[in-house]
1. For 296, 454, what's the fewest-to-most ordering of other Cβ within 10 Å of each Cβ?
2. Which length gain, in nm to one decimal place, applies between residue 134 and residue 360 when the Cα-Cα distance is subtracted from 0.36 nm times their residue separation?
3. As a quick test, which of the pairs 52/264; 61/387; 387/413; 78/456; 224/406 have an alpha carbon distance above 31 angstrom in this structure?
4. Stretched out fully, how many nm does the piece from residue 299 to residue 195 gain, at 0.36 nm a residue minus the Cα gap?
5. With each pseudo-label sitting 7 Å past Cα toward Cβ, what's the residue 208-residue 337 distance in nm, one decimal?
6. Sticking with the crude label model, points 7 Å out along Cα→Cβ, report the distance from residue 21 to residue 272 in nm, one decimal please.
7. Would you mind calculating the gained length between residue 399 and residue 242 on full extension (0.36 nm times residue separation, minus the Cα-Cα distance), in nm to one decimal?
8. Say each of residue 47 and residue 474 gets a label point 7 Å from the Cα, pointing the same way as Cα to Cβ; how far apart are those two points in nm?
Amino acid sequence: MYIKSVIDILNKEFGADIKSEYYTMIDEWRQWWTGYNKTFHQYKELTAKGEKKTLDLYSLKMAKKVCEDWASVLLNEKTEIAIADKASSEFVQGEDGYGGVFGNICFWEEANALVEKTFYSGTGAFVMKLDNLLASEEGSVRVSPEAVIRMEYLEAFCIIPLSRKYGQITEVAFVSDTTVRGKQSVYLEIHTIENGVYVIENRYYDVKNGRLLPTDLPEGVAPKFITGSPVPFFAIIRPNMVNPFANNLGLGCSVFSQAIDTLKGVDLAYNNFLRDFKLGGKKVFYNRELTRTAGMKSDGTPIYIAPDEMMQQLFVSIGDEFTDDKKLVHEFNPDLRVGDNKDGVQAQLDFLSFKCGFGIRHYRFNDSMRSAQVTATQYTGEKQDLKQNSAKHGILLEEAIKDIVKAVLWVGKNILGQSVDPETLVKVEFSDGYIVSDEEKMAADLVEVQNGIMQKWEYRVKWYGEDEAAAKAAVQVEGPFYGRGNYPAGEDM
């Protein structure tokens, strides 16, 4: 990605002073996410001949696992978008929640991947696009019933904020690499506000000798068009964490940005574990009298072959000093330190889990560390960090999803001519099933029924799928319903 070159172009055109240093930090996070940070994971050792040999640390690649897990917690198969207006809901997501515009753009699959990339890079963006859009000569968008809504899902490397207001990015440039028939280009899309509405500019650049040279736009792509919309055609997401890094341009920070040392600790412990296995194989030392020769080396010394050619890796020649028959062969079995190594890896994983917001028991491999007597209540209590942080991150994710839904509905009404309502109420309903199972929730609701907090018929509606009338009949409820726990004095539920 030619981010610095693009920033230089934007600074010159807009008279801005955008710094590119922060993207160097994002690149370091990207390396940890991919599982290989050259500065840390590559090291050198001396061989028996005194030569330097380059080696790589064994790695658990936990940075990606952390981001995958946050994506699973926040956006999973039970996450739902509730849109009050029925026509608007069906336009966005179809009758079953998986059709409509979002079905066409594979929203749920791509959004989940975007959350993962956002949590490694610190920022992500939904960017709405329109194919077959009609515009006037001066660039004003016209009603285009044949237009098709598309979506791009971009991580922090592709996002260059231009303006911020009240902590929100209001104007932005999106940059991405494109390759057509082997020809590499850089695509730049700039969203700015003019006279209260958004204007979008498109640029293409050829890459030659590391330089960006302006080139013609592909057929059908307008250099500039006025959307007529006060609503942005993009929505920004980031982990809900205060960014402590200077010159961050209003971008977020990686969810593991404060856990780099802990990621190193995990890989050091894991590397030590595997090295003990690699170096800890059985060794058999034998007297040279037991060997045979297979030619000579260049320096004139013989090449000795172990007695059993199939097991040569077990044998080490130690010369002729053995004279006692009992010492012709000596076996050595190194200590693999499995227990110590497992404890070391587990300790580092506990630190990582805590630093990344999951609590200390999210990554648990050593069953002996957990008592079989731990109750469901205790286990749920251990997940409090995860529950609290998922709710916190969900705040910003919900706002971004609502914003892009509003943008889709605005386009649906004003450009596609659909009978939808951009002002309708939109809510995102997250599921905590990743944290607390349905069985645990049912058990908790039964306690509320027993304590009189929840009515029996409410429990049946919630868990048995019955309607209110059938549920009340099933528990022989009589009289009017006045609301949860609010019946006239003397009446049973």
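1. Least crowded to most crowded, the residues run 296, 454.
2. 75.9 nm
3. Over 31 Å Cα-Cα: 387/413.
4. Stretched fully, the residue 299-residue 195 segment lengthens by 29.0 nm.
5. The modelled label-to-label distance comes out at 5.9 nm.
6. Rounded to a tenth, the inter-label distance reads 3.5 nm.
7. That works out to 54.8 nm of additional length.
8. 7.4
The numbers here are math on the coordinates, done by the rules we state, and not lab data. Predicted, not measured: the structure shown is a model, and the values here were computed from it. Counting neighbours? That spans all protein chains shown, and the Cβs are built from the backbone with ideal geometry, glycine included.
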